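*Asks:* Structure provided below as structure tokens; questions to follow.
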Amino acid sequence: MRNLFTAFLLILLLLAAVPLASMQTSAQPPNIYEVSVNAPSSVYTGQQFSIYVNCTYGWGNYSVSAYFAGYNLTGFLPTSTYHNFSLSDPYFIINVSAPLAPQTLYVYITTYAQVGSKTVQASSTQLINVFTPIVLNATVSNPSNVAIHNVTVNFLIDGNGVGHAFIPVIGPGASVPVSIKAVYPQLSQGEHTLSIDVSNAQVLVNGKIQYSTQFYYGTPPNYSWIYYVSAGSIIFAVLLALGAGRRKNRLSSPKWKK
């Protein structure tokens, strides 16, 4: 009797499992399949950065391909093509090293996903401007007799943040050199203001509590021609004066002399 009851329970469990399996196999993916790409618009030559590719969740057999193009890809990583695949994870990260020559980097990303016999595709095109970096330097110092920890040094051009550096610790009475590479596409030729501040008010920047300085970006204008023109004008004026003086002192010939 007990065996009969056990067999009956097994039959009920199997009958209950059939509709559940049917529901699982008939599950449908989302109606819309899209891809979003998060990539920086500007980087500096040789900079390491990441491109984030997010596909619509709920599909399967995801694949992503990225194709990179530029006039000079020397130093670029990965190669000009990138491929990856995931059974269920729709998120991909492409780690990139920018080329060593300033240019526009063209990135074409195409993705595929599949459930059963249904395949969908989505793509995106990105333009990344590669610039020659701006190198900014400073020396931060700790004038106190105790160590200062976790110092953030912020660099600003014309009031806009362009980068920062982190110093774990500055010993008592010690100085630490800081250097960063930054990209600032809005920087035009001419005079600009560089400001540097720190997260701790006790720390000095280049010997000052608040540091700010003017700098010229690009090739400074050459005004030396003004001095040459001025010198030439002075010499010409002197020659005219001397010539006029000589003409006044010269004796004229008598009218009767021929």
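The values are calculated or read from the model by the stated rules, or taken from the named source; none is laboratory data. A quick note: this is a predicted structure, and the numbers were derived from the prediction, not measured. No Cβ is skipped: glycine too gets one built from the backbone with ideal geometry, and neighbour counts run over all protein chains shown.
*Asks:* Can you work out which of the residues in region 55-73 that are closer than 19 Å to residue 84 by Cβ and of a type in the set (Phe, Trp, Tyr) is nearest to the chain's Cα centre (by Cα)?
*Replies:* 68
*Asks:* Inspect region 88-109 for any residue being closer than 16 Å to residue 59 by Cα and among the aliphatic types (A, V, I, L, M) and give the result as yes or no.
*Replies:* Scanning region 88-109 turns up no residue that is closer than 16 Å to residue 59 by Cα and among the aliphatic types (A, V, I, L, M).
*Asks:* Out of 213, 219, which single residue is assigned to a loop (DSSP other than H, G, I, E, B), β-branched (Val, Ile, Thr), modelled with pLDDT under 95 and surrounded by fewer than 12 Cβ atoms within 10 Å (Cβ to Cβ)?
*Replies:* 219
*Asks:* Among (1) outside the structural domain of residue 54 (by TED's automatic domain parsing); (2) buried (at least 16 other Cβ atoms within 10 Å of the Cβ), where does residue 143 come up short?
*Replies:* Condition (2) is where residue 143 drops out.
*Asks:* If you go through region 39-64 one residue at a time, how many are farther than 28 Å from residue 183 by Cα, among the small types (Gly, Ala, Ser) and not in a loop (DSSP other than H, G, I, E, B)?
*Replies:* 1
*Asks:* Taking the options 74, 79, 111, 104, name whichever one is free of Cβ contacts under 8 Å to residues at least 12 places away in the same chain, more than 30 Å from residue 176 (Cβ to Cβ) and either assigned by TED's automatic domain parsing to the domain that holds residue 39 or not hydrophobic (A, V, I, L, M, F, W, C) (or both).
*Replies:* That would be 79, the only listed residue that is free of Cβ contacts under 8 Å to residues at least 12 places away in the same chain, more than 30 Å from residue 176 (Cβ to Cβ) and either assigned by TED's automatic domain parsing to the domain that holds residue 39 or not hydrophobic (A, V, I, L, M, F, W, C) (or both).
*Asks:* So for region 137-158 (the condition being acidic (Asp, Glu) and farther than 29 Å from residue 39 by Cβ), does at least one residue qualify?
*Replies:* No, region 137-158 contains no residue that is acidic (Asp, Glu) and farther than 29 Å from residue 39 by Cβ.
*Asks:* If you go through region 123-133, how many residues are buried (at least 17 other Cβ atoms within 10 Å of the Cβ) and touching a Phe, Trp or Tyr at 6+ places or on another chain (Cβ under 6 Å)?
*Replies:* Of the residues in that region, 2 qualify.
*Asks:* Could you pull out every one of the strands (runs of 3 or more DSSP E) wholly within region 79-152 that has 2 or more residues that are more than 23 Å from the chain's Cα centre (by Cα)?
*Replies:* Correct list: 81-86, 103-115, 118-131, 134-141.
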